[in-house]
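> This is the structure I want to talk about, given as structure tokens.
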Amino acid sequence: MLFVKKYINSADEELMLLIGNNDTKAFEELYKRYSNKIHYYFFRMLGYDKEKANDFTQDIFLKVIEKNSSYKSNLKFSTWLYSLATNMCRNDYKHSEVKLKHDEEYKYTTETVCHSRFDNVYDNKIFKENLEKELNELETNHKTTFVLRFHEELSIKEIAEIMDCSEGTVKSRIFYTLQKLSQKLRTFNQLKENNLWKSN
Amino acid sequence: MEEQLNKYFPEYEELLKTKDYSMLSDSERSIVNRFSTEEEYTGMRKIILANKEITNEERNAIKPDPEILNNLLNTMKSNEAPRGVSKVVKNIFGYRIPAYQFAMYAAASIILFIFVLNREKIVTVQKPIYVCKTDTVEKYIVKETKPEVQSPAKLNYTKTDEPVTLNKNETPDNTQITNDNNSAINILEFLGINVDLKEKIEDFKPKGRTMLDDSAIVKFLVKI
């Protein structure tokens with residue numbers, strides 16, 4: 001019990017040092033802290049493929065075990081982990097056509113979705129579907145920045161370190177992504193208002 | 001625009017997350033209006049809120065496969081698991097020594113053998129060490145030099161007395177002192193000592209023995 005408490009109170013960086021000595025309890029604690037977050041990050045970034053997210057989650061934690069020595073303690077562990085994850089996603093985009101295929105599957109216009117659904121009951125679900133579709137169509141860097149900021153809730157500084165760019169670049173990427181999404185979904189909003197007006 | 005975005009973005013983003021456009025104060029509205037219209041602001045806010053809802057819903061539903069942790073722990077354990085004794089012994093006997101290892105072993109043995117044989121013959125040459133010593137006292141003997149002997153011709157002479165010519169008829173003064181009873185007194189007078197020493201001279205004569213007055217005077221003079 002005492003040992004478990006020791007691991008719970010330990011910082012990520014301390015746990016990483018223990019993992020270097022093959023400490024399984026330390027690894028379990030670190031896995032508990034980050035597995036859900038990183039799995040969801042992969043899920044969002046790799047086209048909502050749960051199986052693929054599982055594979056990537058296993059791979060990244062295998063790297064934590066095997067490439068433990070490559071971790072520099074001056075860097076925050078979460079930043080290092082998300083850097084690894086982001087690079088894995090980039091490599092996957094380069095080496096497979098999955099993302100494109102996924103985008104093709106969702107290649108339907110906002111207008112068609114709205115028209116097809118407005119005949120029935122409108123709800124937020126449609127808006128969310130459209131938002132996710134638009135997110136997937138974004139350029140990789142913009143999508144990554146958006147996901148890290150609004151899904152993973154990382155700070156701008158951390159995102160800048162992960163993406164290896166300046167904080168200013170991160171801020172402008174977030175702003176222009178929001179602006180672009182807002183413009184694209186404007187049509188949807190107008191249609192929604194029309195529908196509400198019709199229903200009234 | 002970029003500079004303003006850098007400066008005001010954190011506040012702008014916070015407003016997007018927390019407030020509708022209608023709820024903004026004048027100062028907040030001035031910040032928002034730097035970057036977007038009311039319509040854009042409302043659209044962005046909607047995206048952020050919808051995204052938050054999606055994330056919350058999905059996070060609860062989407063979890064990693066529990067087998068992942070087991071697989072990873074097994075990997076860790078296999079990395080650290082000690083090998084069985086039988087496996088170690090089998091490895092030792094089953095180990096094939098490559099040719100180069102054998103050659104290296106032989107060469108090393110020969111070098112070691114030569115070294116052990118010649119160990120006594122090895123002469124270590126020590127470098128000389130120079131030490132300054134300052135405790136030595138040296139004695140110098142100065143040779144005596146005799147003064148030069150000058151030839152009589154080189155000596156300087158000074159004339160003190162003029163030569164005197166004596167006449168044949170003249171008789172020289174009598175300088176002889178007669179040895180009579182008053183000879184001692186006469187000698188003293190001759191020497192210019194006008195002291196009545198007749199009695200004192202008696203003191204210098206040993207008692208019971210005869211001694212000439214002259215001898216007594218000489219003793220007296222020595223005493224003086």
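> Can you tell me which residue is nearest to A:M88 (Cα to Cα) among those in segment A:144-182 that are away from every other protein chain (no Cβ under 12 Å) and not aliphatic (A, V, I, L, M)?
Selected residue: A:T144.
> Find the residue count for segment B:32-51, including only residues that are open to solvent by 20 Å² or more (accessible area, probe 1.4 Å) and either more than 7 Å from chain A (Cβ to nearest Cβ) or closer than 30 Å to A:N21 by Cβ (or both).
Restricting attention to segment B:32-51, the residues satisfying the condition of being open to solvent by 20 Å² or more (accessible area, probe 1.4 Å) are B:33-34, B:37-40, B:42, B:45-46, B:49.
Next, from what is left, pick out any that are either more than 7 Å from chain A (Cβ to nearest Cβ) or closer than 30 Å to A:N21 by Cβ (or both): B:33-34, B:37-39, B:42, B:45-46, B:49.
Residues that pass the stated criteria total 9.
> Next question. Of the residues that sit in segment A:45-59 and are open to solvent by less than 20 Å² (accessible area, probe 1.4 Å) and at the interface with chain B (Cβ under 10 Å from one of its Cβ atoms), which one is nearest to A:Y31 (Cα to Cα)?
Residue satisfying both the conditions and the ranking: A:T57.
> Is segment A:75-90 home to any residue that is more than 22 Å from the chain's Cα centre (by Cα), farther than 26 Å from B:I62 by Cβ and not basic (K, R)? Before you say what the answer is, go through the steps one by one.
Taking segment A:75-90 and keeping what is more than 22 Å from the chain's Cα centre (by Cα), we get none.
For segment A:75-90, residues more than 22 Å from the chain's Cα centre (by Cα), farther than 26 Å from B:I62 by Cβ and not basic (K, R): absent.
The rows are residues; the columns are (1) free of Cβ contacts under 8 Å to residues at least 60 places away in the same chain; (2) more than 14 Å from chain B (Cβ to nearest Cβ); (3) of a type in the set (A, V, I, L, M, F, W, C).
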{"position": "A:I19", "(1), (2), (3)": "yes, no, yes"}
{"position": "A:E29", "(1), (2), (3)": "yes, no, no"}
{"position": "A:Y34", "(1), (2), (3)": "yes, no, no"}
{"position": "A:H39", "(1), (2), (3)": "yes, no, no"}
{"position": "A:F42", "(1), (2), (3)": "yes, no, yes"}
{"position": "A:V64", "(1), (2), (3)": "yes, no, yes"}
{"position": "A:N68", "(1), (2), (3)": "yes, no, no"}
{"position": "A:L75", "(1), (2), (3)": "no, yes, yes"}
{"position": "A:A85", "(1), (2), (3)": "yes, no, yes"}
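The values are calculated or read from the model by the stated rules, or taken from the named source; none is laboratory data. All figures in this text were calculated on a predicted structure; none of them were measured in a lab. Quick reminder, even Gly has a Cβ in these numbers, built from the backbone with ideal geometry, and neighbours come from all protein chains shown. Ligands, DNA and RNA are excluded from the accessible area calculation, which covers all protein heavy atoms including side chains. Shrake-Rupley method; radii C 1.70, N 1.55, O 1.52, S 1.80 Å.
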